[in-house]
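Asks: Sharing a structure with you now.
The values are calculated or read from the model by the stated rules, or taken from the named source; none is laboratory data. None of these values were measured; they are calculated from a predicted model. Using ideal geometry, Cβ is built from the backbone for each residue, glycine included, and neighbour counts are taken over all protein chains shown.
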Amino acid sequence: MSKRKMLGSKVKQLLAGVSDHGVAHLLEVETDLIQTTILLAEAIEKLGTNFLDLHTSVLSQEEQISLIVGTGQVPAENVERLHQIQADIALHINKAVTSLQFQDLTNQLISRTMQRSAGLRELLCTLDVVGNVISADGENEEIEGLLTEVTEKLEQQSIELKSLLRKTVNQEHLNSGDIELF
Amino acid sequence: MAKTILAVDDSGSLRQMVAFSLKAAGYQVIEAVDGQDGLEKAKNQVVDLVLTDQNMPRMDGLTLIKSLRALPTYQRVPILMLTTESSDDMKAKGRAAGANGWLVKPFDPQKLTEVVKKVIG
């Protein structure tokens, strides 16, 4: 086989290799992302339940403390201290509720990443499809034409993928967001 | 009688935190899992305020707002967005669709309660 004609064979091999290896790795990525999603879902379910149970217990405790304070036998400074602790607890609860929203944000990011990964697999499959069309002993001009065609297809698919992706999450911290009334 | 808020979000954990915060402040909360579910529940019972996410399956927040505003019973009901999005462009779209306010996630329960009190008392 002449050097020229070897090119077609090599290009086919390259496109098939990039496609196969890329798809294989992306499938692993998606598997890991699915597992991450499952673990996060379980974590937030448990954290949420634990938090609500803890809050219920704290409220019950505060009720009892109020009853004791109501007897009038608790020194004023202790009453003041209890009120301060109550205020601190309310503050901590607010912070916990804000932080517990992490799963919503991370889930959105994971979902977007999985969408992109699936889209990327489709792009790589396009390489494989075009690679199959290239004849092993094809002429340079034919190969050039097909590679140009695949470049255009990839650009189009990439644009379509971007339009389908859910919006990204820009939050980099779990500080509460802005509020605006119109 | 306690005022009722419809909380629409496809995230179960987020709905749980919204419900916890608002119930603690004395409000009743109805939860919906997406815009379509929210619209159906809103039609079944007129609520005092709608709090909705934007990015949801089946029907997104902006579409829900437009659908609600098309209903005679929801011409004046306050609707607030609670979303990760914060761009001026999206806020403008929300306002044009009929939203009365925009809250960026994650929310602080005290601030959420304050803004709800300000809007519906």
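Asks: Just one of (1) within 14 Å of chain A (Cβ to nearest Cβ); (2) modelled with pLDDT of 95 or more; (3) part of a loop (DSSP other than H, G, I, E, B) trips up B:Pro57, so point out which.
Replies: It fails just one condition, (2).
Asks: Please go through region A:96-121 and pick out each residue that is within 8 Å of chain B (Cβ to nearest Cβ) and assigned to a helix (DSSP H, G or I). Please lay out each step first, then the result.
Replies: At the first step, the residues of region A:96-121 found to be within 8 Å of chain B (Cβ to nearest Cβ) are A:97-105, A:107-108.
Listed by number, the residues that qualify are A:Val97, A:Thr98, A:Ser99, A:Phe102, A:Gln103, A:Asp104, A:Leu105, A:Asn107, A:Gln108.
Asks: Looking at this structure, is B:Asp108 touching a strand residue (DSSP E or B) at 6+ places or on another chain (Cβ under 7 Å) and charged (D, E, K, R)?
Replies: no
Asks: I would also like to ask the following. Looking only at residues in region A:135-157 that are surrounded by fewer than 14 Cβ atoms within 10 Å (Cβ to Cβ) and within 28 Å of A:Arg112 (Cβ to Cβ), which one is farthest from the other protein chains (Cβ to nearest Cβ)?
Replies: A:Thr151
Asks: A:Ala87 fails exactly one of the following numbered conditions: (1) in a loop (DSSP other than H, G, I, E, B); (2) closer than 30 Å to A:Gln61 by Cα. What is the number of that condition?
Replies: It fails just one condition, (1).
Asks: Determine, yes or no, whether B:Leu68 is touching a Lys or Arg at 6+ places or on another chain (Cβ under 7 Å) and farther than 21 Å from A:His173 by Cβ. Even if it seems obvious, please write down each step before you answer.
Replies: Working: touching a Lys or Arg at 6+ places or on another chain (Cβ under 7 Å): no; farther than 21 Å from A:His173 by Cβ: yes.
Spelling it out, it is not the case that B:Leu68 is touching a Lys or Arg at 6+ places or on another chain (Cβ under 7 Å) and farther than 21 Å from A:His173 by Cβ.
Asks: Right, here's the next one. Would you mention how many residues in region B:10-50 are assigned to a helix (DSSP H, G or I) and touching a helix residue (DSSP H, G or I) at 6+ places or on another chain (Cβ under 9 Å)? Outline the logic, then answer.
Replies: Step one: of region B:10-50, the residues assigned to a helix (DSSP H, G or I) are B:12-24, B:35-44.
If we keep only those that are touching a helix residue (DSSP H, G or I) at 6+ places or on another chain (Cβ under 9 Å) too, we end up with B:12-14, B:16-18, B:20-22, B:24, B:35-36, B:38-39, B:42-43.
Qualifying residue count for the region: 16.
Asks: Filter region B:98-120 for residues that are out of contact with any Asp or Glu (no Cβ under 8 Å at 6 or more places or on another chain) and among the basic types (Lys, Arg); which is farthest from the other protein chains (Cβ to nearest Cβ)?
Replies: B:Lys117
Asks: I want to confirm something. Restricting to region B:1-54 and keeping residues that are free of Cβ contacts under 8 Å to residues at least 24 places away in the same chain and within 12 Å of chain A (Cβ to nearest Cβ), which single residue is nearest to A:Glu45 (Cα to Cα)?
Replies: The residue in question is B:Ser13.
Asks: Sticking with this structure for a sec: Kindly check whether there is at least one residue in region A:70-89 that is touching a Lys or Arg at 6+ places or on another chain (Cβ under 7 Å), charged (D, E, K, R) and more than 14 Å from every other protein chain (Cβ to nearest Cβ). Steps first, answer last, please.
Replies: So the first thing to find is which residues in region A:70-89 are touching a Lys or Arg at 6+ places or on another chain (Cβ under 7 Å), and the list is none.
No, region A:70-89 contains no residue that is touching a Lys or Arg at 6+ places or on another chain (Cβ under 7 Å), charged (D, E, K, R) and more than 14 Å from every other protein chain (Cβ to nearest Cβ).
Asks: Follow-up. Picking from A:Ile38, A:Ile65, A:Ile85, which residue would you name as being out of contact with any Ser or Thr (no Cβ under 7 Å at 6 or more places or on another chain), under 30 Å from A:Thr113 (Cα atoms) and of a type in the set (A, V, I, L, M)?
Replies: Working: A:Ile65 fails: under 30 Å from A:Thr113 (Cα atoms); A:Ile85 fails: under 30 Å from A:Thr113 (Cα atoms).
After ruling out the rest, the residue left standing is A:Ile38.
Asks: Can you name the residue in region B:74-97 that is more than 12 Å from the chain's Cα centre (by Cα) and over 16 Å from B:Asp53 (Cβ atoms) and, of all such residues, is nearest to the other protein chains (Cβ to nearest Cβ)?
Replies: B:Arg95
Asks: Next question, about the same structure. Restricted to region B:69-121, and to residues that are among the charged types (D, E, K, R) and assigned to a loop (DSSP other than H, G, I, E, B), which residue is nearest to A:Phe182 (Cα to Cα)? Write out each step before concluding.
Replies: Filtering region B:69-121 down to residues among the charged types (D, E, K, R) leaves B:69, B:76, B:85, B:88-89, B:91, B:93, B:95, B:105, B:108, B:111, B:114, B:117-118.
The next check asks that each one be assigned to a loop (DSSP other than H, G, I, E, B); those that pass are B:76, B:85, B:105, B:108.
Working: B:Arg76: 14, B:Glu85: 16, B:Lys105: 17, B:Asp108: 19 Å.
It comes out as B:Arg76.
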